[in-house]
Amino acid sequence: MSGKSGAAAATGDDPDRAPARVDARVGAGPDAGVDADLETMVQIMGRMFRGMKGSAAHGEAEELIGLVKDAGLGPRHVPVLIRLVLNGPVPVGVLARHMGLSPATVSQLVGELQRGGFVDRRPDERDRRRMIVSLDEGRRELVERFALRRLRPLRMTLEALGPVEREHFLHGWRTLVEMMERAAHEDPLGGRVSRGA
């Protein structure tokens, strides 16, 4: 091999070697990049869940979930409490819009939370036909502390991103949720998770 051809081979400019490199790349298949990103995503989510379990917010979550269970309620009621920290006191209809649920569903959740001692409902002073939902004063501090600590990493993340990055980030999360909802209604063995599956 001449010096010129040896240099070309070392730099990847050898025309006899280039097709083999291209063939290898094509042979990996169009999903190779997705599979690599999937592995990265699983690692990141593992770190996220470990971080949640090791945080002070996790202990408060256990305390709050324990109280919720003792009242005969479940985890599906907790988002209502978090929304009231962020947006309350509010009418049931407004709370339903914030949560993306029907007013009837939210009204039922609120009624159950009221019976459990977590929220209060009172008539709107400006419109007596509407009921205003707020956190019960006896549980307010615990719920607010839990919600604010749980939401702090999310706020810090959004603050660290620029407007366009936030748009892409939220688009990714929406897509993840939509795919999870779709997968829940499909055969879990009907699709391929990885190239080795």
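Split the accessible area of segment 87-197 by element, probe 1.4 Å, and carbon with sulfur accounts for 54%. Distance between the C-alpha centres of segment 150-170 and segment 86-111: 25 Å, rounded to the whole angstrom. Rolled with a 1.4 Å probe across the full set of protein chains, the surface gives residue 40 an accessible area near 70 Å². Once you keep just the Cα pairs under 8 angstrom separated by 6 or more residues, what percentage relative contact order results for segment 57-186? Computed over segment 57-186, the figure is 24 percent. Once the Cβ-Cβ distance of residue 159 and residue 49 is raised to the sixth power relative to R0 = 35 Å, the FRET efficiency obtained is 0.95. Residues 150, 128 ordered from highest to lowest accessible area at a 1.4 Å probe: 128, 150.
The values are calculated or read from the model by the stated rules, or taken from the named source; none is laboratory data. Predicted model, so just to flag it, every value in this text is computed and none were measured. In this analysis, Cβ positions are derived from the backbone assuming ideal geometry, glycine residues included, and neighbour counts consider all displayed protein chains. The protein model used for the area step is the full one, side chains on, heavy atoms only, and it has no ligands, DNA or RNA in it. Shrake-Rupley method; radii C 1.70, N 1.55, O 1.52, S 1.80 Å.
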